[in-house]
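Asker: After the structure tokens below, expect a handful of questions from me.
The values are calculated or read from the model by the stated rules, or taken from the named source; none is laboratory data. This is a predicted model, so every value here is computed, not measured. So basically every Cβ, Gly included, is an ideal-geometry build from the backbone, and we count neighbours across all protein chains shown.
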Amino acid sequence: MIQIFKTSTGFNVLETIQPQEWARANDPGNTWVHLENPDLGELSLVSEKLNIDMDLLKAALDEEESARFDREDDVIFIIVDIPVVQPEGISFLYNTIPLGILLAGEAVVTVCLEDTTIIEDFFQGRVRGFDTAKKTRFIFQLMYRSAAKYLQYLRQIDKATTQVENALHKTMKNRELIQMLKLEKSLVFFSTSLKSNEIVLEKMLNSRILTKYPEDTDLLEDVIIENKQAIEMSTIYRNIITGTMTTFASLISNSLNMVMKLLASLTIIIAIPTLFASFWGMNVPVPLQGNPLGFWLILGGTLLVTGFVTYILGKKDML
């Protein structure tokens, strides 16, 4: 899908431009072209209109593409990882996908595999001071929204961790343990992507490729601060989940040991009456077989030995 926008002069309102009209225009103007999981025809249209190498447009459509910042000919090319929430069975998983940002002349092109709330915020006018004519600021605003979204999702992960932990206190089921594992996996994705984004942001701050005004530099520094905060939060939450998983693994192992110890003790206790019954149940002459009180004497002896063994096991904390 291709969407083309332009901010109305003096009104700060996004105007939608039809792709056919944009393709026929001699000057693309200060437009924003957004490609969401585009087909080959849409990629070709943007490539020919803005003179952008097709490989650059396709790079952001590769889920394994790493974050980078570079310039090829007259096109400034940026890829950053943005957070998304993906359903997985009856649960969900926080993941990251690449977002491509290309500055070609007077147009900014964004390329993404799927719909994200980051782009939606710009569509809905939730970003203050957004103007397609201020291209550098627009790029930094995109990255700021991405860092803010990381922080939002990290807080959601923290709340979800607390809920799963409370559920595990009541009953240790595989469902809660799997959910905890998914949250830890999400934090791994976030931590890796945030560190890659940090390298790109530092390179952008020190680079002279992008024309930066003082207020734009301040915004980029704010993005770097937000990104560093997200890295610290993801590290802290990951350590908490790792510690929680280790603790519950130890509790499960300890509970299993207690159950096995109890079963072993019960087996020993039950074996004593079986042993006496085996001896006096043999089809050969045995002591007390002619005694009228023989049965009660053997039963009493069995109970006495069983009670003594039970006492000893109890003293050794085996029961």
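Residues are listed down the side, and each one gets a yes or a no for (1) of a type in the set (K, R); (2) closer than 28 Å to Q179 by Cβ; (3) outside any helix (DSSP H, G or I); (4) more than 50 Å from the chain's Cα centre (by Cα):
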| site | (1), (2), (3), (4) |
| --- | --- |
| I225 | no, no, no, no |
| I269 | no, no, no, yes |
| T274 | no, no, no, yes |
| L288 | no, no, yes, yes |
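Asker: Can you go through S234, S207 and tell me which one is in the same structural domain as M143 (by TED's automatic domain parsing), surrounded by fewer than 16 Cβ atoms within 10 Å (Cβ to Cβ) and small (G, A, S)?
Answerer: None of the others qualify; the one that does is S207.
Asker: Sticking with this one: Out of E72, E36, which single residue is touching a Leu at 6+ places or on another chain (Cβ under 7 Å), surrounded by fewer than 18 Cβ atoms within 10 Å (Cβ to Cβ) and acidic (D, E)?
Answerer: Result of the check over E72, E36: E72.
Asker: Can you tell me which residues in region 9-21 are out of contact with any Gly (no Cβ under 9 Å at 6 or more places or on another chain) and at pLDDT below 75?
Answerer: Selection gives T9, G10, F11.
Asker: Same structure, new question: Kindly indicate whether V111 is in contact with a Leu (Cβ under 6 Å, 6 or more places away or on another chain), more than 19 Å from N227 (Cα to Cα) and β-branched (V, I, T).
Answerer: Yes, satisfied.
Asker: Of the residues that make up region 10-30, is at least one in a strand (DSSP E or B), surrounded by 12 or more Cβ atoms within 10 Å (Cβ to Cβ) and not hydrophobic (A, V, I, L, M, F, W, C)?
Answerer: yes
Asker: Which condition breaks for M260 when tested against (1) touching a helix residue (DSSP H, G or I) at 6+ places or on another chain (Cβ under 8 Å); (2) outside the structural domain of L142 (by TED's automatic domain parsing)?
Answerer: So the condition that M260 fails would be (1).
Asker: Quick one: in region 210-221, which of the residues that are loosely packed, with under 14 Cβ neighbours inside 10 Å and charged (D, E, K, R) is nearest to the chain's Cα centre (by Cα)?
Answerer: Checking each candidate, the answer is E221.
Asker: I would also like to ask the following. For region 44-63, state whether one or more residues are in the same structural domain as V109 (by TED's automatic domain parsing), within 27 Å of S196 (Cα to Cα) and assigned to a strand (DSSP E or B).
Answerer: no
Asker: In the set L113, L142, which member is surrounded by 18 or more Cβ atoms within 10 Å (Cβ to Cβ) and closer than 27 Å to Q179 by Cα?
Answerer: Result: L113 is the single residue among L113, L142 that is surrounded by 18 or more Cβ atoms within 10 Å (Cβ to Cβ) and closer than 27 Å to Q179 by Cα.
Asker: Also: Here are L142, L154: which of them is modelled with pLDDT of 90 or more and under 17 Å from L219 (Cα atoms)?
Answerer: Of the residues listed, the single one that is modelled with pLDDT of 90 or more and under 17 Å from L219 (Cα atoms) is L142.
Asker: Within the bounds of region 36-54, is there any residue that is in contact (Cβ under 8 Å) with a residue 24 or more places away in the chain and of a type in the set (G, A, S)?
Answerer: no
Asker: Mind listing whichever residues of region 210-229 are of a type outside the set (D, E) and either outside the structural domain of R145 (by TED's automatic domain parsing) or touching a residue at least 60 places away in the same chain (Cβ under 8 Å) (or both)?
Answerer: If the condition is that a residue be of a type outside the set (D, E) and either outside the structural domain of R145 (by TED's automatic domain parsing) or touching a residue at least 60 places away in the same chain (Cβ under 8 Å) (or both), then L210, T211, K212, Y213, L219, L220, V223, N227, Q229 are the ones that fit.
Asker: Separate question: Please go through region 64-81 and pick out each residue that is in a strand (DSSP E or B), over 30 Å from S186 (Cβ atoms) and either of a type outside the set (K, R) or touching a Ser or Thr at 6+ places or on another chain (Cβ under 7 Å) (or both).
Answerer: If the condition is that a residue be in a strand (DSSP E or B), over 30 Å from S186 (Cβ atoms) and either of a type outside the set (K, R) or touching a Ser or Thr at 6+ places or on another chain (Cβ under 7 Å) (or both), then E72, V75, I76 are the ones that fit.
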